[in-house]
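The structure under discussion appears below in the form of structure tokens.
The values are calculated or read from the model by the stated rules, or taken from the named source; none is laboratory data. Everything numeric here is computed off the predicted structure, so don't read it as measured data. Here the Cβ positions follow ideal geometry from the backbone for every residue, glycine too, while neighbour counts run over all protein chains shown. For the accessible areas, the whole protein counts, side chains as well, though only heavy atoms, and no ligand, DNA or RNA atoms are used. Shrake-Rupley method; radii C 1.70, N 1.55, O 1.52, S 1.80 Å.
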Amino acid sequence: MVVTSRAALAVLLGAVALAWRPTVGTVLLWTLAVALAVAVDLALAPSPRALVIERSGAPVVRLGEAITTDLVVTNPGKRVVRGLVRDAWQPSAGAEHDRHDLRLASGERTRLPTRLLPTRRGDRHADLVTVRANGPLGLAARQRSFSVPGTVRVLHPFHSRRHLPSKLSRLRQIDGRSAVRRRGQGTEFDSLRDYVEGDDVRSIDWRATARRGTVVVRTWQPEQHRRIVIVVDTSRTSAGRVGDVPRLDAAMDATLLLTALAGHAHDRVDVIAGDQRVRARVVGSSDRTNPLAEVVSALAPIDPAIVEADWSALAAAVVSRHHQRSLVVLLTPLEPAAIEEGLLPVIPALVARHRVVLGSVADPAVGSMLATRDTAADVYGAAAAERTVALRQRVAAALERMGVDVIDAEADELPARLADHYLWLKSEGLL
């Protein structure tokens, strides 16, 4: 039961009767009359239980974009239903104008749209749908809340997609599909052609030369259908914020750009996200041109976990499934303690079988502390930043001595630099 503002206004109107006859009996009679009217109105109000409420499908939206979700309300009863409907969502869903006026005649159906502007990545869930059905006098209403499940999956914004056209142009040049055709220095055979001055004599095909009577050389193309394994660290170190986003989101941005690029290069991309356990896995296959959509959807609901990363388990997930030589990209912060205790012991097993690249998101605040030395506090801050940089460089040098390529860059630079490194490896035939 809900008493509306009209009932309060009716009580206030009793002041007129009280001014005409200022007695206790007048107050009691007027209060009794209003209470009786409210009771009658409540008895005549239709029950919200008679309504059938459904929600439209499970929409998907990119973070920063708006989407509309609909409630479909049907009145199968014989009475007109007037009132209010509230479509509640969790706060991070960013629901706007979630209260809707309702007037449904018998057998009618209406669609009530709610605009969502999510503020966080992941699955945003609907809360209860509350229906308030007013009585004919508008003094009282029956109210009931219903559970109408609904989920909106908010995807990563993928800001680094602006780099994709330029990287694809370089990829076409490497593959020899650009307007200016040039051969890549890969290891997959492409075609035969006549020898010209300046060709590498090691590329001469002697059998073809003997058959044709002229010197013939083999041409090569960069490798295709290679396996790329991207491991995204979701442990406590990925929860640290750089700028306005967590390190994990920056690592996801690099993952998506590399996935899109490798997919266009006809390489198979596997993505593993985890900390003490594997929390998401996307397995690439040769029949898909680009697994980007699946990777975006799989990474969307993952948030950092405040636990240490179990690199033994993550490395085992890579080694046990990928027996052929692959490019393994580890996206984890270059934090000295976490790297030395967790990652360094498992690096030899990975390097022995695969080409390993480590991508780390650098904190721009450290660079600003290094550049500012105006006050005594700034000097101490600069000294701490110098020590942090020295420790990171020491860990990076240790990884490089073990055969790992280390890319340490700020959040907006890491995706492009990682993509450039992948293209360089491809052009040099090192995959």
**Prompt:** Within region 1-26, how many residues turn out to be open to solvent by 70 Å² or more (accessible area, probe 1.4 Å), part of a helix (DSSP H, G or I) and either in contact (Cβ under 8 Å) with a residue 12 or more places away in the chain or in contact with a strand residue (DSSP E or B) (Cβ under 8 Å, 6 or more places away or on another chain) (or both)?
**Reply:** 2
**Fill in**
With criteria (1) at pLDDT below 85; (2) open to solvent by less than 50 Å² (accessible area, probe 1.4 Å); (3) not in a loop (DSSP other than H, G, I, E, B), S178 comes up short on (3)
**Request:** Check whether at least one residue in region 43-52 is at pLDDT 80 or above and of a type in the set (D, E, K, R), and report yes or no.
**Result:** yes
**Asked** Does G64 meet the test of being within 16 Å of R121 (Cβ to Cβ) and in a loop (DSSP other than H, G, I, E, B)?
**Response** yes
**Answer residue from region 204-236, given it is modelled with pLDDT of 85 or more and in contact with a His (Cβ under 8 Å, 6 or more places away or on another chain) and is surrounded by the fewest Cβ atoms within 10 Å (Cβ to Cβ) among those** = R227
**Request:** Name the one entry in S297, S360, S312, S320 that is part of a strand (DSSP E or B) and either hydroxyl-bearing (S, T, Y) or modelled with pLDDT under 90 (or both).
**Result:** S360
**Complete:** Given the conditions (1) open to solvent by 10 Å² or more (accessible area, probe 1.4 Å); (2) more than 20 Å from A409 (Cβ to Cβ); (3) touching a residue at least 60 places away in the same chain (Cβ under 8 Å), every one holds for V283 apart from (3)
**Fill in**
For S145, the lone unmet condition from (1) under 28 Å from the mean Cα position of the chain (by Cα); (2) hydroxyl-bearing (S, T, Y); (3) surrounded by fewer than 20 Cβ atoms within 10 Å (Cβ to Cβ) is (1)
**Message:** So, D378, is that one in a loop (DSSP other than H, G, I, E, B) and surrounded by 13 or more Cβ atoms within 10 Å (Cβ to Cβ) or not?
**Reply:** no
**Request:** Just name the residue that is most open to solvent (accessible area, probe 1.4 Å) out of those in region 338-357 that are in contact (Cβ under 8 Å) with a residue 60 or more places away in the chain and not in a helix (DSSP H, G or I).
**Result:** R355
**Request:** Go through region 381-422 residue by residue and tally those that are open to solvent by less than 40 Å² (accessible area, probe 1.4 Å) and of a type in the set (D, E, K, R).
**Result:** 2
**Asked** Among the residues of region 252-260, is there at least one that is among the β-branched types (V, I, T) and modelled with pLDDT under 85?
**Response** no
**Prompt:** Can you tell me which residues in region 152-175 are of a type in the set (S, T, N, Q), at pLDDT 90 or above and open to solvent by 50 Å² or more (accessible area, probe 1.4 Å)?
**Reply:** S166
**Request:** For region 109-132, state whether one or more residues are without any contact (Cβ under 8 Å) to a residue 24 or more places away in the chain, open to solvent by 40 Å² or more (accessible area, probe 1.4 Å) and within 36 Å of the chain's Cα centre (by Cα).
**Result:** no
**Test result for L299, without any contact (Cβ under 8 Å) to a residue 40 or more places away in the chain and buried (at least 19 other Cβ atoms within 10 Å of the Cβ)** = no
**Message:** Among the residues of region 239-249, are any open to solvent by less than 30 Å² (accessible area, probe 1.4 Å), modelled with pLDDT under 90, of a type in the set (A, V, I, L, M, F, W, C) and over 23 Å from the mean Cα position of the chain (by Cα)?
**Reply:** no
**Prompt:** in contact with a Lys or Arg (Cβ under 8 Å, 6 or more places away or on another chain), surrounded by 20 or more Cβ atoms within 10 Å (Cβ to Cβ) and not in a helix (DSSP H, G or I), is that true of P333?
**Reply:** yes
**Message:** Cβ-Cβ distance below 6 Å, separation of 6 or more or different chains: which pairs start in region 249-271 with a residue that is within 13 Å of I228 (Cα to Cα) and end on one that is among the charged types (D, E, K, R)?
**Reply:** L261/K167; D267/R226; R268/R227
**Prompt:** Which of the residues belonging to region 50-82 are out of contact with any Phe, Trp or Tyr (no Cβ under 9 Å at 6 or more places or on another chain), open to solvent by 60 Å² or more (accessible area, probe 1.4 Å) and charged (D, E, K, R)?
**Reply:** E54, E65, K78, R79, R82
